[in-house]
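What follows is a single structure, written as structure tokens, with notes after it.
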Amino acid sequence: MATEIIQLTGDPVQLTSGSETAFISAINGEFCWSDSDDKPVALTISHSEMKMSVNPPFKIWAWSPATGVMVIVTKRDAD
């Protein structure tokens with residue numbers, strides 16, 4: 001399992017590729033997310049979470065309109 005900490009901005013960042021299982025948890029605040037093959041451009045069409053689990057084939061992109069929001073992303077390749 002690989003774990004990384006990512007600071008989010010208003011620019012979407014791809015957190016999963018669709019081939020792994022992941023747990024995403026905000027260290028502080030909430031993050032917005034969307035499932036998309038491509039980088040989302042309509043950022044008003046999203047969900048807001050503090051933590052979530054993701055399974056394949058979802059390709060998760062995350063961002064935050066707030067400053068300083070950080071997430072911990074733990075991934076494991078699907079079996």
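Projecting the Cα positions of M1, F58, F31 onto the charge dipole of the chain (unit charges on Cβ atoms of Lys, Arg, Asp and Glu, taken about the Cα centre) puts F31 furthest along the positive direction. Across the accessible surface of the range 4-76, with the other protein chains kept in place and a 1.4 Å probe, carbon and sulfur atoms take up 55 percent.
So, in Å, what gap is there between the alpha-carbon centers of the range 8-22 and the range 48-79? So the two Cα centres are separated by 6 Å. The rule of thumb for compact globular proteins, 2.2 N^0.38 Å, goes into the C-alpha radius of gyration of the chain 0.99 times.
The values are calculated or read from the model by the stated rules, or taken from the named source; none is laboratory data. Model, not experiment: these values are computed from the prediction. All Cβ positions, glycine included, derive from the backbone under ideal geometry; neighbour counts span all protein chains shown. Each accessible area value is taken on the protein alone, full model and side chains, heavy atoms only, with ligands, DNA and RNA left out. Shrake-Rupley method; radii C 1.70, N 1.55, O 1.52, S 1.80 Å.
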